[in-house]
1. Here are some residues: Asn281, Asn294. Which one is within 30 Å of Ala519 (Cβ to Cβ) and at pLDDT below 95?
2. Would you be able to say whether some residue in region 126-144 is modelled with pLDDT of 85 or more, crowded, with 22+ Cβ neighbours inside 10 Å and either of a type in the set (S, T, N, Q) or closer than 28 Å to Ile235 by Cα (or both)?
3. Which condition breaks for Gln323 when tested against (1) of a type in the set (S, T, N, Q); (2) within 21 Å of Gly623 (Cα to Cα); (3) surrounded by fewer than 22 Cβ atoms within 10 Å (Cβ to Cβ)?
4. Restricted to region 468-502, and to residues that are surrounded by 24 or more Cβ atoms within 10 Å (Cβ to Cβ) and outside any helix (DSSP H, G or I), which residue is farthest from the chain's Cα centre (by Cα)?
5. When residues of region 377-405 are filtered for being surrounded by fewer than 18 Cβ atoms within 10 Å (Cβ to Cβ) and in contact (Cβ under 8 Å) with a residue 60 or more places away in the chain, how many remain?
6. Sort out which residues of region 297-345 are of a type in the set (Val, Ile, Thr) and at pLDDT 95 or above, and write them in order of number.
7. In region 145-169, how many residues are crowded, with 21+ Cβ neighbours inside 10 Å, under 35 Å from the mean Cα position of the chain (by Cα) and either modelled with pLDDT under 80 or more than 24 Å from Val96 (Cβ to Cβ) (or both)?
8. Report, ordered by the first and then the second residue, all pairs with beta carbons closer than 6 Å, sequence separation of six or more or different chains, a first member in region 220-247 that is among the basic types (Lys, Arg), and a second member that is surrounded by 15 or more Cβ atoms within 10 Å (Cβ to Cβ).
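The values are calculated or read from the model by the stated rules, or taken from the named source; none is laboratory data. Predicted, not measured: the structure shown is a model, and the values here were computed from it. Backbone-built Cβ (ideal geometry, glycine too); neighbour counts: all protein chains shown.
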Amino acid sequence: MNNQQPNQTFWSGFKMRFKQFWRRFQMTRWLIVVILTLVFVMSAYLTFMAKTANVGDLKAALENPTQIYDRSNQKAGTLYSQKGTYVALSKISTNVQDAVISTEDRNFYHEYGFSVKGYARAFFLYAKNKVLRRGYISGGGSTLTQQLVKNAYLTQEQTFTRKFKELFLSIEVENVYSKKDILSMYLNNAYFGNGVWGVQDAARRYFGKSAAALTVPESAVLAGMLTSPSGYNPIDHPQAAKARRNVVLGLMAETGAITNEAAKQYQASPLTTMDNYAYKNSYKYPYFFDAVINEAVSKYGLTESEIMNKGYKIYTTLDQANQTQMQTLFKNDAYFPANASDGTKVQAASIAIDPNTGGVEAVVGGRGKHVFRGYNRATQMRRQPGSTIKPLAVYTPALENGYYYASELTDKKQSYGTNKYSPHNYGNQYSGKVPMYSALAQSKNAPAVWLLNKIGVDKGYESVKKFGLPVSKSDKNLALALGGLKTGVSPQQLGQAYTAFANQGTMSSAHYIRKIVDASGNVIVDNSDTKAKQTKVMSHKVAKEMTSMMMGVFNYGTGASAKPYGYTIAGKTGSTEADGDADATRDKWIVGYTPDVVVTTWEGFDSTSSTHHLEDVSGTGEGPLYQAEMQAILPNTKGTAFDTKDASTIAKAENNSVGSSSSDIWDQVQKSIDNAGKQFNNAADTVKSWWEKAKSALN
């Protein structure tokens, strides 16, 4: 009793002081102000979100798939993931419309995008789930407009945040579109299971007819699928679909869409299906389209869902003829080595780039079955480039530092540094001395390392960086001359680097997208300024001299088997040895170019082992494939000729000129001596004649 009395006194005193504080500072008013402020801020945010969601583009985005255009602005294909065949509401049976409204939103024509009862039910269920420690809403009776908004703009998460976003977006949709437009968009954007979107394709898939010809029972089946497309699928679950159909028919009778007698008659009818749906695959150039999506996501901040479903027009650098030819060649097993003993395919990747703009004209990222946005070896793979790096790391900086195409290089086996690094030529063949152009064409390793050691590794390292290849400080050693990179390169990165040789010393950044236009015609990406994507890597003179040397690669060097008939190209081959096995090859590379196109091809296994490796370390094994690629691509180019000749041809001409010049000079010396002799003799005769005359006069 004595203990309770002080406690009661304390609490009564606390309550009195709290009431005084509350009245003195008018806390009730402040609480109301805070609550109203929060409501205002939340409403302002949600209104802003709704107004900036481009609701006006929704119908156009749903009606049209995203179109891909090639470099000539011709249609090349379409992208879509949640779209079917869009049809106008007038081409959708009124039976479907009645069935859907009766089942999903019978007050559709009398509400403004949301249901007060639905939100009251959502609040109740949310409170109930909170008590049960569940952090979601079990349901809330969304209207058709809300379901449309959810499918088009939002995720499927069940939270109040999403519900409020859904509310404001629904009101905005109701502000912009008529009820008929909203119903049309909903029916064309609804999912009906089995990968089928939209009522037109669903009608074809399940009943073999158009949406305009659907009967009342068939319409009830489709309307019943909306709550659970997989559970009420009439093909996979005919009994469940029929039971659900009958429920929908009862609801249609309740709303007056059909009579009770008709409902009973339809409920007694059998459920029959017919599949007349043919999926049209317009993803014609899978690796190129994948690369377009990846660039739009990584470079321009769009999402995959936006790209696939917003009805964009994407203008690309694609050359459909080149892409088709490349894909055809990759499907021909005759151009590739046999599979490994366990059936593993030898993989490959190729890419063609316009050196003047950097636009990718064609790309194939692998052999075998394509996976949507899967592994693209042409763009995502990182492998050591082998000898294809020699022009970038060794010969270009050498020309920039006083050497010239015919400079004599030391070609012998020797060791460098404290770690005794000892590069060797293929077959351990050495000639003692070799002109630079021949060392490059024959891909000799010893002269390349010797030359890098002479000009300095730092210069080679900086040169590779200028060409845009990913190098780290650990790559700053003599192994750089032979492509010993920690990270490696992709065919796209290597092809981009070689655009500098093809484009008179200026490197063009590889890209796929020129322009993106949204469904309303607004340009949201403009990539037309090619000059902004170019980097000066070397002088025109050096690029010209490098090209003259690299012509020899295909004329008489390691790329001779890859030279296309009737065409002059320049470039480089390369290969890397499998670890611990000098007779096995991990990677084979060929990169070649004309002033109009750069084509890079890689070949190898995804994972190299004792049973998964290539033969023939000379790097010429992929010659027939590369030759076929070039012979298919070059006829589609402008046919621009190089402004130089093969370095070996120039060297021979200079040697002949020097020999001829020396002979001419010697002849001129001989003639001068003869003339001088003649003049001396004539002078002597004249003096002698004068002497004889003088003597006769004295006598």
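1. Asn281
2. Scanning region 126-144, I find at least one residue that is modelled with pLDDT of 85 or more, crowded, with 22+ Cβ neighbours inside 10 Å and either of a type in the set (S, T, N, Q) or closer than 28 Å to Ile235 by Cα (or both), so the answer is yes.
3. Here Gln323 clears every test but (3).
4. The extreme case among them is Gly483.
5. Matching residues across region 377-405 total 4.
6. Correct list: Val297, Ile314, Thr316, Thr317, Thr324, Thr328.
7. Number satisfying all stated conditions: 4.
8. Sorted first by the residue in region 220-247, then by its partner, the pairs are Lys242/Leu271; Arg244/Gly224; Arg244/Tyr232; Arg245/Ala220; Arg245/Val221; Arg245/Gly224.
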